[in-house]
Amino acid sequence: MRKDLIVIATLLCLTFLFHSELTFRSKVPLPGNYFSLINPTLSHESDSQQAPWNALQWDAVAQYWPWRHVAHNELQANRIPLWNSFTGLGMPLLANPQTAIFYLPNLLFWLGDVPRAFANSAILHTFLALIFTYLLCRSLCLPRGCSVVGATVYAFSSFMVTWQL
């Protein structure tokens with residue numbers, strides 16, 4: 001049991017090391033350079049500064065950020081975030097699965113600062129992936145070393161990391 005606690009502490013350190021930009025520099029894991037594509041006041045003459053288009057990253061800027069921001073404001077005003085009146089003629093907000101109002105780790109968004117919550121959410125999900133994969137491997141009677149490798153390979157795989165960048 002004591003050795004498992006040491007491993008968990010090591011995995012926590014690995015999480016903070018991997019997310020050092022988010023942890024120590026207060027960066028937000030959103031592709032902010034996409035805002036220049038929709039800002040009519042910015043010049044588009046220099047395409048060399050623009051990142052290549054990625055529809056998955058655009059979702060973070062066009063959907064996750066504004067919808068969670070609206071939900072945060074509604075909850076801070078002690079209102080149930082039923083409807084988003086800022087999108088077209090309006091759309092359901094509470095029933096929107098991408099807003100994920102009832103997803104427990106999203107308490108970070110509802111209680112705290114929305115930009116910081118994106119960073120804390122990435123850190124939390126990496127740590128949970130490490131811990132639960134490690135515990136799964138241990139429950140399958142794998143040695144500690146193999147369990148740590150399995151947890152690390154899963155938590156830092158391209159599938160798990162891509163959505164956070």
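When the range 7-19 is examined, which residues are found to be open to solvent by less than 40 Å² (accessible area, probe 1.4 Å) and over 12 Å from residue 126 (Cβ atoms)?
7
In the range 92-109, how many residues are surrounded by 14 or more Cβ atoms within 10 Å (Cβ to Cβ) and under 12 Å from residue 67 (Cβ atoms)?
Of the residues in that region, 8 qualify.
With the requirement that a residue be open to solvent by less than 30 Å² (accessible area, probe 1.4 Å) and part of a helix (DSSP H, G or I), what does the range 69-82 give you?
Matches in the range 69-82: 70, 71, 72.
Please work out if residue 56 is over 22 Å from residue 12 (Cα atoms), part of a loop (DSSP other than H, G, I, E, B) and at pLDDT below 95.
no
Please indicate, with yes or no, whether at least one residue in the range 153-163 is closer than 22 Å to residue 72 by Cα and surrounded by 13 or more Cβ atoms within 10 Å (Cβ to Cβ).
Scanning the range 153-163, I find at least one residue that is closer than 22 Å to residue 72 by Cα and surrounded by 13 or more Cβ atoms within 10 Å (Cβ to Cβ), so the answer is yes.
Return the pair list, or none, for Cβ contacts closer than 7 Å from residues in the range 78-89 that are more than 18 Å from residue 62 (Cα to Cα) to residues that are assigned to a loop (DSSP other than H, G, I, E, B) and among the hydrophobic types (A, V, I, L, M, F, W, C), at least 6 apart or on different chains.
80/94; 81/93; 81/94; 81/101; 82/93; 82/94
Would you mind finding the one in 145, 112 that is closer than 28 Å to residue 16 by Cβ, open to solvent by less than 40 Å² (accessible area, probe 1.4 Å) and free of Cβ contacts under 8 Å to residues at least 12 places away in the same chain?
Of 145, 112, the one residue that is closer than 28 Å to residue 16 by Cβ, open to solvent by less than 40 Å² (accessible area, probe 1.4 Å) and free of Cβ contacts under 8 Å to residues at least 12 places away in the same chain is 112.
Please indicate, with yes or no, whether at least one residue in the range 31-53 is modelled with pLDDT of 80 or more and either closer than 24 Å to residue 161 by Cα or over 22 Å from the mean Cα position of the chain (by Cα) (or both).
no
Looking at (1) within 23 Å of residue 28 (Cα to Cα); (2) open to solvent by 60 Å² or more (accessible area, probe 1.4 Å); (3) at pLDDT below 90; (4) over 17 Å from the mean Cα position of the chain (by Cα), find the lone condition where residue 86 falls short.
Every listed condition holds for residue 86 apart from (1).
Please verify whether residue 132 is farther than 30 Å from residue 13 by Cβ and aromatic (Phe, Trp, Tyr), treating the condition exactly as stated.
No: the conditions fail for residue 132.
Of all residues in the range 122-132 being surrounded by 14 or more Cβ atoms within 10 Å (Cβ to Cβ) and more than 12 Å from residue 7 (Cβ to Cβ), which is modelled with the lowest pLDDT?
Ranking the candidates gives 122 first.
Restricting attention to the range 92-128, and to residues there that are among the polar types (S, T, N, Q) and in contact with a strand residue (DSSP E or B) (Cβ under 9 Å, 6 or more places away or on another chain), which single residue is farthest from residue 76 (Cα to Cα)?
So the residue we want is 96.
The values are calculated or read from the model by the stated rules, or taken from the named source; none is laboratory data. What you see is a predicted model; the values in this text were computed from it and never measured. No Cβ is skipped: glycine too gets one built from the backbone with ideal geometry, and neighbour counts run over all protein chains shown. Please note that ligands, DNA and RNA were not included when accessible areas were found on the heavy atoms of the full protein model with its side chains. Shrake-Rupley method; radii C 1.70, N 1.55, O 1.52, S 1.80 Å.
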